Structure formats: C-alpha cells, structure tokens
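Student: Below is the structure I would like to discuss, written out as structure tokens.
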Amino acid sequence: MKLTTFNALSETAAQAALAHCVAIPRWRQALAAARPFPSAAALLAEAERLAQMWNSDDLEQALTAHPRIGERAGGADKEAALSRQEQAAMSDADAALKRAMQAGNQAYEARFGRVFLIRAKGRSGEEMLAQLQRRLTNDEPTEAREALEQLREITLLRLKESLT
C-alpha cells in the first residue's frame, strides 16, 4: 500500500489496513489516529514508539492470532498467509526437526503458559529451535520481555513490507 493511500483512508479502513500486522486493536487505533505521516520512516517510527508501550496483556491478545512454530496457520486472511510465508523454513524441515519443535513448543507452553513467539522470517528451523531451547531457561519476566520484542519485530516487519 502506498503511504498516500494509507493517509487518505477513513479511520476504520486505516485500522483494517493494519490488521495483518498485529492483533492489538489499541495499537492499530493509535497508529491510524496519528495520520497523516509525511514519510514511511515517520510512520515506522511512530509504529515502533507505540509498540514500545506494549505490556503482557497486549502480548496475550496478540498471541491469539499466532500459530505455534511449525504449525500451519489456518484461514485465508492476510495475517494467516503472512504467517505461512514467515514459517516456510519449518514447512520444509525434516521430520526430526518438526518433532523437536513440537516437543519444544509443548515444553514452552507448560513453562510459560503461552505460545512460543519468534520472528520466523529469515531464520532456519534449526535456529528457531535453538532459540526456543535457549528461551526455556529464561525466568518469566525475562521471557515476557523477549516475547514482546519478537512481537515488535514481527509487527514492524509486516508493516514495512506492506508499504510500497
């Protein structure tokens, strides 16, 4: 989407145009309300500033739209399609890696009570598994911060990639 198009959308349409980035309505509302942006860089800077305000409630809300690493996102919406693209490395992984990731996901969920979140784009399946195993050693506050940082990376990457 062109920045000029985004700036010209109605409030509701602008929020809908951001829906694929993250399932946090208040972030979408605030970013849409901050328009017009003079440049893509200004839009991205404001998006990042707003994302820095996220807390554990926002993380839990956002995770409702994220499948487990290694599981295929269902649905035909843009967010599901992006998730499938971002996790392509796991789709191509061998059976042993897929089993290890599934076991890691189960261990993570048992430890932290939520889905493991990582920016998958640009990472191999082996790298994601190694990060999952490393993060299992985090305490809850450290892991919550790390999960929020990964959520910010995913969100900002999706926003950046949607600008033409």
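The values are calculated or read from the model by the stated rules, or taken from the named source; none is laboratory data. Since this is a predicted model, take the numbers as computed values, not measurements. Neighbour counts run over all protein chains shown; Cβ positions are idealised from the backbone, glycine included. Heads up: the accessible areas ignore ligands, DNA and RNA and are worked out on the full protein's heavy atoms, side chains in. Shrake-Rupley method; radii C 1.70, N 1.55, O 1.52, S 1.80 Å.
Student: Does the range 1-44 hold any residues that are within 24 Å of Leu117 (Cβ to Cβ) and part of a loop (DSSP other than H, G, I, E, B), and which are they?
Tutor: Matches in the range 1-44: Leu18, Ala19, His20, Cys21, Val22, Ala23, Ile24.
Student: Additional query: Failed condition for Ala80, given (1) open to solvent by 20 Å² or more (accessible area, probe 1.4 Å); (2) closer than 30 Å to Thr4 by Cβ; (3) assigned to a helix (DSSP H, G or I); (4) at pLDDT below 95, with all others met?
Tutor: (1)
Student: Examine the range 11-22 for a residue that is open to solvent by 40 Å² or more (accessible area, probe 1.4 Å), β-branched (Val, Ile, Thr) and out of contact with any Ser or Thr (no Cβ under 7 Å at 6 or more places or on another chain), and state whether such a residue exists.
Tutor: yes
Student: Could I ask something else about it? Test Gly113 against the stated conditions and say whether it is surrounded by fewer than 19 Cβ atoms within 10 Å (Cβ to Cβ) and modelled with pLDDT of 95 or more.
Tutor: In short, yes.
Student: Then there is this: Report the residue count in the range 102-158 for those that are over 29 Å from Ala45 (Cβ atoms) and charged (D, E, K, R).
Tutor: 6
Student: Just checking, which of Leu163, Leu157, Leu136 is open to solvent by 20 Å² or more (accessible area, probe 1.4 Å) and in contact (Cβ under 8 Å) with a residue 60 or more places away in the chain?
Tutor: Leu163
Student: Taking Leu151, is it over 30 Å from Leu18 (Cα atoms) and of a type in the set (A, V, I, L, M, F, W, C)?
Tutor: no
Student: Now a separate question. Tell me which residues, restricted to the range 129-144, are in a helix (DSSP H, G or I) and more than 24 Å from Leu18 (Cβ to Cβ).
Tutor: Correct list: Leu129, Ala130, Gln131, Leu132, Gln133, Arg134, Arg135, Glu140, Pro141, Thr142, Glu143.
Student: Condition test on Pro67, is it within 30 Å of Ala103 (Cβ to Cβ) and either surrounded by fewer than 18 Cβ atoms within 10 Å (Cβ to Cβ) or not hydroxyl-bearing (Ser, Thr, Tyr) (or both)?
Tutor: In short, yes.
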